[in-house]
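A short worksheet on the structure shown next.
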Amino acid sequence: MPTTNLYTFERSDDMIHMDRNTSPISPLDDEAISEVIKATKIHEYPGDEIDNFKQLYADYYDIEPATIEVANGSDEWIQKAIMTLGHNGVMTLDPDFVMYHEYANQVDVPVYTVSCDADFTFDFDQVIKAVELHKPSLFLISVPHNPTGRMFRAEELQALADAMQDVDGYLVLDEAYFEFGPAYTRPEGAHVLIIRTLSKMFGVAGLRIGIAIAKDETFDKITRLNHPYPVNSLSLNLASKIFEKRSTLDVFIRYQLDSKKRLSKSLGQVSDKINIIGSSTNFILTYGETARDLAAYLKSHGYQARVYDKPPLENAVRYSIIGLEHYETFNQLIKKWSNQYDQEGTRDKGNENIHIT
C-alpha cells in the first residue's frame, strides 16, 4: 500500500493555506493517476464511466444508483436546485454557504434569511416561523453547517422539513462535509434533496464532481436541466479509482480525520483567549476580540486562515485542516502567541508592538 507521503501536494508558495477547506493531500498517487489516464477513452462519450461511478458510489453508501445523478461539482446542483425548485423564493440561514445567495441572484430569485444568535447558533422556532411567513419554495441548509461546523439536531431538521412540506416547498441538505461528522438521522419526505461533493473528504476538488440524491418527482425536477454527459470521462474514472480500493481509501480518510483531531487540539491551547466552536467538518471556526489577532500572527509566520469582512463574521476566523507535518510548527506558533498575550496583554508582531484588548 502506498505511504501517505506519496500523496502530498506540491505548494506553489511558502504559505500553508488553512483558508480553502480542501484536503492537504491527494487520494491517488502518481502511479494510479497515470494508470487511469492511459485507460481513459477520450474519443468516446462517458456513458459507461457515469454508470460505473454511480454504481461504485451507491455501493459505498448502500443506496440505490437510480437515486443518484452527477454534475460538475455540488455548486452546479445548488444552481440547478434554485433554477428548478426555487421559483417562489429561496430561504437559508445567515450565515451559510455564500453561493446560495450568488446563484439565486443570477436568476433573480428572492432570498430570505434567518439570522444567527451572537454565538452563531440558530433558534429553529424562529426558522420555522420565517418559513411560515415567507413560504419559500426552496430551503438550502448545509449539514454540518458551513461556516460554523456545527451539526444540527435531528428534530430541528425534521421540523424544518415538515415546515417546508406544509408550504409545498423543497428542502436541500447540502452535505459537503457530512463524512467528517457523526451519523445523523436525515429528515423524511419526498421533497427532501441531498447534495454532496467529492471535494472535501475525498480530496478531489479539482475533478468537480457533485452528487444529487433524490427520489420520484423531486429527482425528475432536479435532473431535468442536466446534460447528457455532465462530467468528463477522466474525472469520472479518477473518482471511480478512489472507490475501487477500499483499504487505500480507508487510509486516506483516517489521515483526514487525524488532521482534524490535531487541528482541534492545536486551537484548544488558546480556548481561554478565543471562542472555538466544536466542529463536525474539516475546519474550525473561531471568533471573538482576539481571534483575528491570532490569525494575523499566524499569517505573518506562514499559516493563512480564512477571515471575513462582513457581518456577522467580521470577528470570526476559520481554519481548515493541513498536512500532518505542519502541525508541530503550528502548535509552537500558537503557544508563542499565547505566551506573548499573557505578558501584559501584548505581543510582538515584527517591529510593531500590538496591544491586545
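The values are calculated or read from the model by the stated rules, or taken from the named source; none is laboratory data. Because the structure is predicted, anything quoted here is derived from the model rather than measured. Glycine gets a Cβ as well: all are built from the backbone with ideal geometry, and neighbour counts include every protein chain shown. Accessible surface is based on the protein model in full, side chains and every heavy atom, while ligands, DNA and RNA are left aside. Shrake-Rupley method; radii C 1.70, N 1.55, O 1.52, S 1.80 Å.
Can you name the number of the only condition in (1) modelled with pLDDT of 95 or more; (2) of a type in the set (S, T, N, Q); (3) surrounded by fewer than 18 Cβ atoms within 10 Å (Cβ to Cβ) that Ser199 fails?
(3)
Just wondering, is there one or more residues in region 117-129 that are closer than 30 Å to Ile25 by Cα and either at pLDDT below 95 or open to solvent by 20 Å² or more (accessible area, probe 1.4 Å) (or both)?
Of all residues in region 117-129, those closer than 30 Å to Ile25 by Cα come to none.
No, that holds for no residue.
If I filter region 30-44 for residues that are modelled with pLDDT under 95 and either surrounded by fewer than 16 Cβ atoms within 10 Å (Cβ to Cβ) or touching a His at 6+ places or on another chain (Cβ under 7 Å) (or both), do I get at least one hit?
At the first step, the residues of region 30-44 found to be modelled with pLDDT under 95 are none.
No: region 30-44 contains no residue that is modelled with pLDDT under 95 and either surrounded by fewer than 16 Cβ atoms within 10 Å (Cβ to Cβ) or touching a His at 6+ places or on another chain (Cβ under 7 Å) (or both).
Tell me, which helices (runs of 4 or more DSSP H) wholly within region 73-155 include 2 or more residues that are closer than 19 Å to Tyr177 by Cβ and small (Gly, Ala, Ser)? Steps first, answer last, please.
Details: elements: 74-85, 99-106, 124-134.
The qualifying helices (runs of 4 or more DSSP H) are 74-85.
Out of (1) closer than 22 Å to Ile194 by Cβ; (2) without any contact (Cβ under 8 Å) to a residue 40 or more places away in the chain, what's the single condition that is false for Lys261?
Going through the list (1) closer than 22 Å to Ile194 by Cβ; (2) without any contact (Cβ under 8 Å) to a residue 40 or more places away in the chain, Lys261 breaks only (1).
Could you give me the residue pairs with C-beta distances under 6 Å whose first residue belongs to region 167-179 and is free of Cβ contacts under 8 Å to residues at least 60 places away in the same chain, whose second residue is open to solvent by less than 30 Å² (accessible area, probe 1.4 Å) and part of a strand (DSSP E or B) wherever it lies, and which are 6+ apart or on separate chains?
Hits for this filter: Leu171/Phe139; Leu171/Val192; Leu173/Ile194; Glu175/Ile194; Glu175/Arg196.
All but one of (1) closer than 30 Å to Ile322 by Cα; (2) assigned to a helix (DSSP H, G or I); (3) not charged (D, E, K, R) hold for Leu28; which doesn't?
With respect to (1) closer than 30 Å to Ile322 by Cα; (2) assigned to a helix (DSSP H, G or I); (3) not charged (D, E, K, R), Leu28 is out only on (2).
On the basis of being out of contact with any helix residue (DSSP H, G or I) (no Cβ under 9 Å at 6 or more places or on another chain) and surrounded by 15 or more Cβ atoms within 10 Å (Cβ to Cβ), does His87 make the cut?
Working: out of contact with any helix residue (DSSP H, G or I) (no Cβ under 9 Å at 6 or more places or on another chain): yes; surrounded by 15 or more Cβ atoms within 10 Å (Cβ to Cβ): no.
So His87 fails the test.
Of the conditions (1) aliphatic (A, V, I, L, M); (2) buried (at least 22 other Cβ atoms within 10 Å of the Cβ); (3) closer than 29 Å to Val251 by Cβ, Leu171 clears all except one; give me its number.
Only one criterion is unmet by Leu171, namely (3).
Within region 234-272, track down each residue that is of a type in the set (Gly, Ala, Ser) and within 30 Å of Tyr287 (Cβ to Cβ). I'd like the intermediate steps shown before the answer.
First, the residues of region 234-272 that are of a type in the set (Gly, Ala, Ser): 235, 239-240, 247, 259, 264, 266, 268, 271.
Across region 234-272, the qualifying residues are Ser259, Ser264, Ser266, Gly268, Ser271.
Looking at region 224-322, what helices (runs of 4 or more DSSP H) fall wholly within it and have at least 2 residues that are surrounded by 14 or more Cβ atoms within 10 Å (Cβ to Cβ) and among the polar types (S, T, N, Q)? Write out each step before concluding.
Working: elements: 233-244, 246-268, 291-300.
By residue number, 233-244, 246-268.
Which residue out of Val251, Val307, Val270 is among the β-branched types (Val, Ile, Thr), more than 21 Å from the chain's Cα centre (by Cα) and at pLDDT 95 or above?
Numbers: Val251 fails: more than 21 Å from the chain's Cα centre (by Cα); Val307 fails: more than 21 Å from the chain's Cα centre (by Cα).
The match here is Val270.
Within region 174-196, how many residues are of a type in the set (Gly, Ala, Ser) and open to solvent by 30 Å² or more (accessible area, probe 1.4 Å)? Before you say what the answer is, go through the steps one by one.
Keep residues of region 174-196 that are of a type in the set (Gly, Ala, Ser), which gives 176, 181, 183, 189-190.
Then keep just the ones that are open to solvent by 30 Å² or more (accessible area, probe 1.4 Å); that gives 183, 189-190.
Total meeting the criteria: 3.
Can you pull out every residue in region 11-29 that is open to solvent by 30 Å² or more (accessible area, probe 1.4 Å) and among the acidic types (Asp, Glu)? Working first, answer last.
Kept after step one, since they are open to solvent by 30 Å² or more (accessible area, probe 1.4 Å), are these residues of region 11-29: 11-15, 17, 19-20, 22.
Asp13, Asp14, Asp19 - these are the residues of region 11-29 that are open to solvent by 30 Å² or more (accessible area, probe 1.4 Å) and among the acidic types (Asp, Glu).
Report whether or not Glu76 is at pLDDT 95 or above and in contact with a Pro (Cβ under 8 Å, 6 or more places away or on another chain).
Numbers: at pLDDT 95 or above: yes; in contact with a Pro (Cβ under 8 Å, 6 or more places away or on another chain): yes.
Judged against the criteria, Glu76 is a match.
Kindly indicate whether Asp13 is at pLDDT below 95 and not in a strand (DSSP E or B). Step through it out loud before you land on a result.
Values: at pLDDT below 95: yes; not in a strand (DSSP E or B): yes.
So Asp13 passes the test.
Any chance you could count how many residues in region 158-179 are closer than 21 Å to Tyr61 by Cα and either of a type in the set (Asp, Glu) or part of a helix (DSSP H, G or I) (or both)?
Total meeting the criteria: 4.
Taking Ile78 as meeting all but one of (1) open to solvent by 10 Å² or more (accessible area, probe 1.4 Å); (2) out of contact with any Lys or Arg (no Cβ under 9 Å at 6 or more places or on another chain), write down the number of the exception.
Result: Ile78 fails condition (1) only.
For the condition touching a residue at least 24 places away in the same chain (Cβ under 8 Å) and farther than 23 Å from Tyr61 by Cβ, what is the one hit in Pro136, Pro144, Pro182, Pro110?
Numbers: Pro144 fails: farther than 23 Å from Tyr61 by Cβ; Pro182 fails: farther than 23 Å from Tyr61 by Cβ; Pro110 fails: touching a residue at least 24 places away in the same chain (Cβ under 8 Å).
Result of the check over Pro136, Pro144, Pro182, Pro110: Pro136.
Condition test on Ile213, is it among the hydrophobic types (A, V, I, L, M, F, W, C), farther than 17 Å from Gln165 by Cα, in contact with a Phe, Trp or Tyr (Cβ under 9 Å, 6 or more places away or on another chain) and open to solvent by 10 Å² or more (accessible area, probe 1.4 Å)? Don't jump to the end; show me each part of the working.
Values: among the hydrophobic types (A, V, I, L, M, F, W, C): yes; farther than 17 Å from Gln165 by Cα: yes; in contact with a Phe, Trp or Tyr (Cβ under 9 Å, 6 or more places away or on another chain): yes; open to solvent by 10 Å² or more (accessible area, probe 1.4 Å): yes.
The answer is yes for Ile213.
Could you grab me the full set of residues in region 141-156 that are touching a helix residue (DSSP H, G or I) at 6+ places or on another chain (Cβ under 8 Å) and under 19 Å from Pro312 (Cα atoms)?
Listed by number, the residues that qualify are Ile141, Pro144.
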